[in-house]
Amino acid sequence: MQYPYQDAVLTIRERVTDLLSRMSTQEKIGQVNQHLYGWETFEDSQSLTFTEKFKAHVEWGGGVGALYGLFRADPWSKVNFENGVRAQDSWRVANKVQEYVMAHSRWGIPALNVEESPPGQQGLEPITKPTKNARANMNNTRLMQQSSHLMAQELALKGVNLALVSTLDLVKNPRWGRSEECFGEDPILAARMSEAVVAGFQGDLIQSDVAFLDQPAKPRTTDAIGVVLKHCIAQGEALGGHNSGTVTIGQREFSDVYEPLLSSVKNAAGVMAAYNDVDGVPCHINQPLLTQDLRDVNGFQGIVMADGVALDRLSGIFETQPEAAAAALNAGVDLSLWDQTFLTLDQAIENGLVDQAALDNAAGRVLALKFLLGLFEQPYVQAPNAQLTALLEKSDALNLQVARESMTLVKNNGLLPIRNQPQKIAVIGPNADELYNLLGDYTAAQSSARQAQTIYQAIQEMFPESEVVYALGCEVRNSIHQEEAIAKVVELARDADLIIPVLGGSSARNFDMAFLSNGAVSSKGINMDSGENVDVASLSLGGQQEVLLKQLKALGKPIACVMVQGRPYDLTLVNELADAVLIAWFPGQQGGRAIAETLVGLNNPSGKLSVSYPRNTQQLPVYYYQRDAAKQDDYYDEVGQPLYPFGYGLSYDQFDYRQLAVKQMVDKLVVTVKVKNNGQFVGQESSLLFVKLTGGAVIQRTKLLKAFQKNAFQPGEEKSITFELPAADFNYMDIDNQVKRAQAATIMVADLAEKITLSRSELFHGI
């Protein structure tokens with residue numbers, strides 16, 4: 001007998017309604033729980049003997065809502081190449097788990113297979129890309145979408161249904177360890193990149209102009225999977241840069257900075273709530289945020305997922321777990337993550353803390369997502385065989401281009417590009433010959449299958465006629481017993497014609513570390529200074545790196561410094577001592593080659609900083625869009641301007657801007673500017689358009705990014721660049737908390753600016 005929910009012709013809403021009507025309360029609770037660590041489902045990845053813990057949980061919930069980290073492999077999970085799931089075996093493991101779950105569900109409900117994927121899947125043998133703060137420097141949404149699409153295909157072939165991807169955090173305080181997961185400090189840049197991620201992962205799975213619930217489910221495809229964007233909201237704003245700390249922003253800050261980000265999630269399959277509170281209210285129980293703002297204002301249709309054990313952290317507010325569970329469910333959380341709290345929803349219902357309708361809403365959204373992804377009709381995946389191998393090769397090639405466009409040159413006195421073959425090159429520093437140090441947090445152990453190069457190896461290959469030598473010199477953070485190593489490296493570099501120090505930080509974890517229940521680091525790795533829960537008080541370079549650089553400078557040799565890092569550091573001394581400074585961030589598996597290509601000019605650097613660089617920690621905050629208050633910008637003992645501002649980045653070419661023109665239309669502003677490449681190289685230029693508003697009874701911001709474009713130029717080529725700004729770009733929240741249109745605006749592109757009085761036309765002025 002076929003039930004209505006099994007009829008693929010019906011709409012998703014009709015199928016969900018029918019299925020919910022047949023399910024028990026406990027089965028619904030099972031659907032809103034993502035309790036298990038995926039790697040705990042089986043004893044052995046080859047025989048796939050299921051654990052009693054997994055079997056008991058399936059029986060408890062009459063199935064499984066979602067399963068996190070089936071393929072996760074890292075020091076926290078204690079999964080490696082000996083006991084983990086290899087890429088080519090992933091499909092088989094996913095199918096076996098799905099088969100068991102469905103066989104032990106009365107209604108044959110499949111599970112969602114969920115994987116962490118910030119710079120790449122956190123499993124064995126993935127394509128690991130540059131971190132978000134690196135990719136933001138590209139200013140290339142097209143490349144971001146292409147890269148995300150290939151990641152979606154990779155995960156789909158492995159049997160993954162949902163990817164967890166960081167897009168919604170902003171670097172407001174770079175002391176925060178998770179700065180590497182952010183698309184920089186600017187909300188519009190982050191929003192456009194976030195939209196590109198959604199489009200790349202999901203295609204047209206969800207469209208903002210139609211309710212997917214009122215459509216029949218589409219067939220499952222290996223061309224798209226769902227994406228859960230994290231974290232909602234303002235996590236990078238926490239006081240002191242403390243992970244999960246408190247946030248004290250007001251209504252206008254939220255309206256100006258975070259509303260654009262929230263609007264970028266409307267087509268996403270899911271959003272993950274943030275650990276932090278906003279003005280004392282934890283995001284996980286913030287109903288105005290998770291329900292009114294997300295769904296009613298921004299049209300979000302997906303699920304809200306809790307962060308790892310975040311609901312258990314509500315114990316500081318509520319006396320019992322059922323009370324916390326009820327508060328989160330009522331606020332709009334649909335799916336838990338590892339916590340005990342949502343396991344008590346039956347008690348919350350029995351005690352009258354939450355009604356059945358709230359549970360139905362949450363369980364219904366989880367079921368709707370499963371229908372949307374085609375899991376009921378096609379719960380299993382086919383063996384990918386050569387298809388996965390070919391896809392990974394294609395992804396590797398694109399990954400190299402992503403790394404190239406992430407490279408950001410912030411100083412060059414003419415040393416770069418290196419056009420000759422120096423007799424001897426000394427490549428020195430803690431990040432010069434460590435592949436894992438090129439990767440960010442949330443990455444798996446690497447294998448030879450990816451054939452990635454360290455920076456030292458790539459430079460060796462790029463200079464076949466040169467003697468290229470390497471020495472560590474010093475460690476990332478460790479300051480003990482470094483003197484002898486520094487002395488040795490100075491002697492090694494004494495007769496070098498070029499010195500390339502590779503300095504910065506590292507997110508590299510090891511198996512000796514201790515971890516919290518959510519996977520964050522709880523013990524200090526001696527040379528780890530970035531990643532979740534790795535917040536720092538000072539932005540100074542760690543260990544003896546500055547000592548090393550000073551002694552190398554004393555040799556009187558040309559120095560091209562490469563910075564590998566997850567956050568901005570105080571680079572004042574680096575900027576002073578080095579002849580050239582290249583910011584590479586954590587550039588991913590292809591980072592070594594991209595850096596080497598940039599040094600020799602095979603790649604013309606085109607990155608623009610997505611975050612402002614302070615001169616030191618005491619300058620914070622230095623994000624560029626602060627309000628234009630009547631304050632003294634400089635301190636008594638320090639200048640107020642950052643060392644490198646947001647949007648800064650050099651090229652091997654010189655791009656000139658002229659003829660900025662602004663034309664007001666009925667519902668938009670059209671801005672044109674001419675850009676010319678006056679250099680000798682083929683290059684790309686990112687054109688950033690900022691707006692400063694005038695009017696109202698509030699202090700407006702110095703400027704805000706509203707649009708950006710990246711274009712390629714031949715030597716001597718000139719192009720006319722056009723921007724279209726919708727009328728809403730000129731809105732602000734006034735003193736009465738009402739959104740209004742500005743009276744005037746200054747349009748800024750590069751070093752050009754034009755102030756205009758905004759039209760009083762009804763259409764342009766209408767809110």
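Could we say that residue 440 is at pLDDT 95 or above, within 28 Å of residue 118 (Cβ to Cβ) and within 25 Å of the chain's Cα centre (by Cα) here?
no
Would it be correct to say that residue 169 is among the acidic types (Asp, Glu), in contact with a Gly (Cβ under 8 Å, 6 or more places away or on another chain), under 18 Å from residue 705 (Cβ atoms) and at pLDDT 95 or above?
Values: among the acidic types (Asp, Glu): yes; in contact with a Gly (Cβ under 8 Å, 6 or more places away or on another chain): yes; under 18 Å from residue 705 (Cβ atoms): yes; at pLDDT 95 or above: yes.
Yes, satisfied.
Please state which one of 115, 40, 82, 99 is in contact (Cβ under 8 Å) with a residue 12 or more places away in the chain, exposed (fewer than 15 other Cβ atoms within 10 Å of the Cβ) and of a type in the set (Asp, Glu).
Working: 115 fails: exposed (fewer than 15 other Cβ atoms within 10 Å of the Cβ); 40 fails: exposed (fewer than 15 other Cβ atoms within 10 Å of the Cβ); 82 fails: in contact (Cβ under 8 Å) with a residue 12 or more places away in the chain.
Only one candidate passes the filter, namely 99.
Return the only residue of 358, 310, 273, 306 being touching a residue at least 24 places away in the same chain (Cβ under 8 Å) and either farther than 22 Å from residue 116 by Cβ or more than 28 Å from the chain's Cα centre (by Cα) (or both).
Selected residue: 358, the only one of 358, 310, 273, 306 that is touching a residue at least 24 places away in the same chain (Cβ under 8 Å) and either farther than 22 Å from residue 116 by Cβ or more than 28 Å from the chain's Cα centre (by Cα) (or both).
Restricting to region 260-311, what's the tally of residues that are within 22 Å of residue 211 (Cβ to Cβ) and assigned to a helix (DSSP H, G or I)? Full working, then the answer.
Here is the first cut: in region 260-311, the residues within 22 Å of residue 211 (Cβ to Cβ) are 262-271, 287, 289-305.
Adding the requirement that they be assigned to a helix (DSSP H, G or I) leaves 262-263, 287, 289-297.
Total meeting the criteria: 12.
Is it the case that residue 47 is modelled with pLDDT under 95 and surrounded by fewer than 23 Cβ atoms within 10 Å (Cβ to Cβ)?
When the stated conditions are applied, residue 47 passes them.
So which of 370, 394, 424 ends up being among the charged types (D, E, K, R) and in contact with an Asp or Glu (Cβ under 8 Å, 6 or more places away or on another chain)? Full working, then the answer.
Numbers: 370 fails: in contact with an Asp or Glu (Cβ under 8 Å, 6 or more places away or on another chain); 394 fails: in contact with an Asp or Glu (Cβ under 8 Å, 6 or more places away or on another chain).
Answer to the check: 424.
Given (1) assigned to a loop (DSSP other than H, G, I, E, B); (2) charged (D, E, K, R); (3) more than 23 Å from the chain's Cα centre (by Cα); (4) closer than 29 Å to residue 612 by Cβ, identify the lone condition not met by residue 419.
Exception for residue 419: condition (4).
For region 11-26, check the following and say yes or no: at least one residue is over 30 Å from residue 214 (Cβ atoms) and part of a helix (DSSP H, G or I).
no
Would you pick out the residues in region 210-253 that are touching a Lys or Arg at 6+ places or on another chain (Cβ under 8 Å), polar (S, T, N, Q) and part of a helix (DSSP H, G or I)?
235
Residue 586 passes all but one of (1) surrounded by fewer than 24 Cβ atoms within 10 Å (Cβ to Cβ); (2) in contact with an Asp or Glu (Cβ under 7 Å, 6 or more places away or on another chain); which number fails?
Exception for residue 586: condition (1).
Results for (1) under 17 Å from residue 540 (Cβ atoms); (2) among the acidic types (Asp, Glu), shown as yes or no for each residue.
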| position | (1), (2) |
| --- | --- |
| 463 | no, no |
| 467 | no, yes |
| 489 | no, no |
| 493 | no, no |
| 497 | no, yes |
| 501 | yes, no |
| 507 | no, no |
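Can you pull out every residue in region 39-71 that is among the small types (Gly, Ala, Ser) and either within 27 Å of residue 444 (Cα to Cα) or in contact with a helix residue (DSSP H, G or I) (Cβ under 6 Å, 6 or more places away or on another chain) (or both)?
Step one: list which residues in region 39-71 are among the small types (Gly, Ala, Ser), which gives 45, 47, 56, 61-63, 65-66, 69.
Those that are among the small types (Gly, Ala, Ser) and either within 27 Å of residue 444 (Cα to Cα) or in contact with a helix residue (DSSP H, G or I) (Cβ under 6 Å, 6 or more places away or on another chain) (or both): 45, 47, 61, 62, 63, 65, 66, 69.
Which numbered condition in (1) closer than 20 Å to residue 98 by Cα; (2) over 35 Å from the mean Cα position of the chain (by Cα); (3) of a type in the set (Lys, Arg) is the only one that residue 22 fails?
Of (1) closer than 20 Å to residue 98 by Cα; (2) over 35 Å from the mean Cα position of the chain (by Cα); (3) of a type in the set (Lys, Arg), only one is false for residue 22: (1).
Restricting attention to region 188-203, and to residues there that are of a type outside the set (A, V, I, L, M, F, W, C) and out of contact with any Ser or Thr (no Cβ under 6 Å at 6 or more places or on another chain), which single residue is surrounded by the fewest Cβ atoms within 10 Å (Cβ to Cβ)? Walk me through how you get there before you give the answer.
Pass one, region 188-203, residues of a type outside the set (A, V, I, L, M, F, W, C): 192, 194-195, 200, 202-203.
In the following step, the residues that additionally are out of contact with any Ser or Thr (no Cβ under 6 Å at 6 or more places or on another chain) were identified as 202-203.
Numbers: 202: 25, 203: 17.
The residue in question is 203.
Going by the structure shown, is residue 256 part of a helix (DSSP H, G or I) and either under 26 Å from residue 28 (Cα atoms) or of a type in the set (D, E, K, R) (or both)?
Details: part of a helix (DSSP H, G or I): yes; either under 26 Å from residue 28 (Cα atoms) or of a type in the set (D, E, K, R) (or both): yes.
Answer is yes for this residue.
Looking at region 50-80 only, could you name the residues that are over 26 Å from the mean Cα position of the chain (by Cα) and either at pLDDT below 85 or in a loop (DSSP other than H, G, I, E, B) (or both)?
Residues of region 50-80 that are over 26 Å from the mean Cα position of the chain (by Cα), as a first pass: 50-64.
Within region 50-80, 51, 62, 63, 64 qualify.
When the residues of region 430-472 are narrowed to those that are in contact (Cβ under 8 Å) with a residue 12 or more places away in the chain and of a type in the set (Ser, Thr, Tyr), which ends up surrounded by the most Cβ atoms within 10 Å (Cβ to Cβ)?
443
Take the residues of region 497-507 that are part of a loop (DSSP other than H, G, I, E, B) and buried (at least 24 other Cβ atoms within 10 Å of the Cβ): which is modelled with the lowest pLDDT? First the steps, then the outcome.
Restricting attention to region 497-507, the residues satisfying the condition of being part of a loop (DSSP other than H, G, I, E, B) are 497, 505-507.
Restricting the remaining residues to those that are buried (at least 24 other Cβ atoms within 10 Å of the Cβ) gives 505-507.
On the way: 505: 94, 506: 91, 507: 88.
The residue in question is 507.
Among residues belonging to region 43-78 that are without any contact (Cβ under 8 Å) to a residue 40 or more places away in the chain and β-branched (Val, Ile, Thr), point out the one that is nearest to residue 90 (Cα to Cα).
49
Those residues that are small (Gly, Ala, Ser), surrounded by fewer than 23 Cβ atoms within 10 Å (Cβ to Cβ) and not in a strand (DSSP E or B), I need them from region 544-582; list them, please.
The answer is 554, 556.
Which helices (runs of 4 or more DSSP H) does region 86-193 wholly contain that include 2 or more residues that are basic (Lys, Arg) and either in contact with a Pro (Cβ under 7 Å, 6 or more places away or on another chain) or closer than 20 Å to residue 440 by Cβ (or both)?
Output list reads 132-136.
For region 589-603, enumerate the residues that are part of a loop (DSSP other than H, G, I, E, B) and crowded, with 20+ Cβ neighbours inside 10 Å. Break it down stepwise before answering.
Step one: filter region 589-603 for residues part of a loop (DSSP other than H, G, I, E, B), giving 589-590, 601-603.
Across region 589-603, the qualifying residues are 589, 590, 603.
I need every pair where a residue in region 649-669 that is under 30 Å from residue 742 (Cα atoms) has its Cβ under 6 Å from the Cβ of a residue that is among the acidic types (Asp, Glu), sequence separation at least 6 or different chains.
660/754; 662/754; 668/724
So which residues in region 719-751 are touching a strand residue (DSSP E or B) at 6+ places or on another chain (Cβ under 9 Å), more than 22 Å from residue 192 (Cβ to Cβ) and exposed (fewer than 13 other Cβ atoms within 10 Å of the Cβ)?
Scanning region 719-751 gives a single hit, 751.
Please work out which one of (1) in contact with a helix residue (DSSP H, G or I) (Cβ under 6 Å, 6 or more places away or on another chain); (2) under 19 Å from residue 382 (Cα atoms) is the condition residue 156 fails and give its number.
Evaluating residue 156 over (1) in contact with a helix residue (DSSP H, G or I) (Cβ under 6 Å, 6 or more places away or on another chain); (2) under 19 Å from residue 382 (Cα atoms) leaves (1) as the failure.
The values are calculated or read from the model by the stated rules, or taken from the named source; none is laboratory data. This one's a predicted model, so the numbers in the text were calculated from it and none came from an experiment. Ideal geometry is used to build each Cβ from the backbone, glycine not excepted, and the neighbour counts take in all protein chains shown.
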